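Just below is one structure, and these are the notes that go with it.
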Amino acid sequence: ANLLLLHGPNLNLLGTREPQIYGATTLAQIDSDALAQCAAAGHQLETLQSNSEAELIGRIQAAAGKVDFIVINPAAFTHTSVALRDALAAVGIPFVEVHLSNPHAREEFRRHSYFSDLARGVVCGFGALSYTLAIQAAIQHIEQPQ
Ligand code: DQA
């Protein structure tokens, strides 16, 4: 199957960005671990990080009919982007929402997500492990949809 891992704004800075909140793991490390995890299960993975809402929307639109499952950390767009939410709803591809930090344990404005009610599930608060858990859930969903 084909999986797509999307990372929103500022996640290119992982490793140096507020490491006390987001950890020391770089985005390159997260992506290479995710690629290995998917390959080990016999699946394909493409990854994209963008600081641009338009680029993320374009990638989601292009995934229609080609991608079986999306894992997305919308980053700050989690709390702001109806447009990104609408793109996921439009293509109808099942997705998991992932966060490194636990947004519920932070500022009030991070408690609302435009994605959670559409997501198959949400994984947050475990740093880079959040991605591993989200991809494991995606693979399980692909292999045994329920
Ligand atoms: C984040 C949480 C968001 O609130 C924040 O804007 C991010 C990263 C996370 O992975 O913990 O950029 O999505």
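Quick note: the coordinates plus some simple rules give every number you see, no bench work behind them. For clarity, every value in this text was computed on a predicted model and none was experimentally measured. So basically every Cβ, Gly included, is an ideal-geometry build from the backbone, and we count neighbours across all protein chains shown.
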Using r as the Cβ-Cβ distance of Thr80 and Asn12, and R0 as 22 Å, what FRET efficiency do you calculate, to the nearest 0.05? 0.75
Across all directions of projection, what mean area in square nanometres is found for the Cα convex hull of the range 50-146? 6.1
Going by a ≥ b ≥ c, the root eigenvalues of the Cα gyration tensor, does the range 1-60 fall in the rounded group (a/c under 1.5), the prolate group (a/b larger than b/c) or the oblate group? oblate
Given 0.36 nm per residue, what is the gain on full extension from Arg106 to Ala39 after removing their alpha carbon distance, in nm? 20.7 nm
Tell me the volume per residue, in Å³, of the convex hull enclosing the alpha carbons of the range 51-103. 75
222 nm [θ] for the chain, helices only, -39500 (n - 2.57) per DSSP H run of 4+, per residue, to 500? -11000 deg cm²/dmol
In nm, to one decimal, how far is the modelled label at Gln144 from the one at Lys66, with both set 7 Å along Cα→Cβ? 3.1
